[in-house]
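One structure is given below, encoded as structure tokens.
The values are calculated or read from the model by the stated rules, or taken from the named source; none is laboratory data. Just so you know, these numbers come straight off a predicted model, no measurement behind them. Cβ coordinates were reconstructed from backbone atoms using ideal geometry, including for glycine residues, and neighbour counts include every protein chain displayed.
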């Protein structure tokens with residue numbers, strides 16, 4: 001298992017490997033790198049999104065506990081989130097103008113490691129580089145309420161609606177990881193990724209049939225259980241075992 005991070009120290013942005021309360025600087029990115037020999041205490045760096053996806057996709061309705069009484073989909077239902085929605089660990093989720101029903105959605109996020117097109121499930125599984133924590137922040141009014149838009153462009157894609165991090169971790173069994181979301185310290189979502197309706201390799205294979213996936217692309221895999229409205233002053237934490245805690249305040 002390797003835990004990669006992207007970070008800022010003073011004015012410089014670098015990638016590194018997290019280990020024992022420090023970050024070992026690397027040259028390049030997690031997909032092709034060498035170590036520089038520099039080591040920084042974790043307390044002295046600002047963690048950023050652990051990669052810079054060219055595109056972000058996400059799966060809707062991928063846990064039975066989130067669907068409730070609604071029927072399961074015949075295949076993964078996919079939507080896009082823009083890269084401009086990304087937010088760093090520790091930085092705020094901002095309630096946008098006119099939004100009235102913004103919710104958290106704690107999720108496992110898959111990061112692609114190689115170019116994939118028309119990949120079989122086995123090829124898709126081999127093409128997954130690692131995983132991280134994500135929050136698919138969503139405004140329910142713009143998504144399916146009285147103020148519903150034709151597309152989910154702002155319901156799912158407003159600025160800061162895609163927190164990601166804190167680490168990109170390789171070598172995990174991403175088919176059986178516990179996902180827990182906390183709102184102001186209270187556990188509000190808790191389930192294992194073994195309960196995904198469509199597992200990670202199935203999701204990646206399906207997407208690759210129409211959209212070519214490139215190294216660094218991110219796929220949010222779905223959220224379990226129910227969600228609640230966020231208000232300024234709240235703090236959301238998404239914790240996934242062996243990855244860490246993605247914490248974001250709400251403004």
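If you check 99, 85, 124, which single one turns out to be over 14 Å from the mean Cα position of the chain (by Cα), touching a residue at least 40 places away in the same chain (Cβ under 8 Å) and closer than 19 Å to residue 214 by Cβ? When all the criteria are applied, what remains is 124.
Based on what the data block shows, is residue 103 surrounded by fewer than 23 Cβ atoms within 10 Å (Cβ to Cβ) and farther than 14 Å from residue 223 by Cβ? So residue 103 fails the test.
If you go through segment 78-94 and keep only what is surrounded by fewer than 20 Cβ atoms within 10 Å (Cβ to Cβ) and in a loop (DSSP other than H, G, I, E, B), you end up with 82, 90, 91, 92, 94.
Do you know which residues across segment 235-251 are free of Cβ contacts under 8 Å to residues at least 60 places away in the same chain and surrounded by fewer than 18 Cβ atoms within 10 Å (Cβ to Cβ)? Scanning segment 235-251 gives a single hit, 235. The test for being touching a helix residue (DSSP H, G or I) at 6+ places or on another chain (Cβ under 9 Å), surrounded by fewer than 22 Cβ atoms within 10 Å (Cβ to Cβ) and not in a helix (DSSP H, G or I) does not hold for residue 122.
Of the residues making up segment 74-87, those that are under 16 Å from residue 200 (Cα atoms) and out of contact with any strand residue (DSSP E or B) (no Cβ under 8 Å at 6 or more places or on another chain) are 74, 75. Identification of strands (runs of 3 or more DSSP E) wholly contained in segment 167-229 with 1 or more residues that are surrounded by fewer than 16 Cβ atoms within 10 Å (Cβ to Cβ), in the same structural domain as residue 61 (by TED's automatic domain parsing) and out of contact with any strand residue (DSSP E or B) (no Cβ under 7 Å at 6 or more places or on another chain) yields 186-192.
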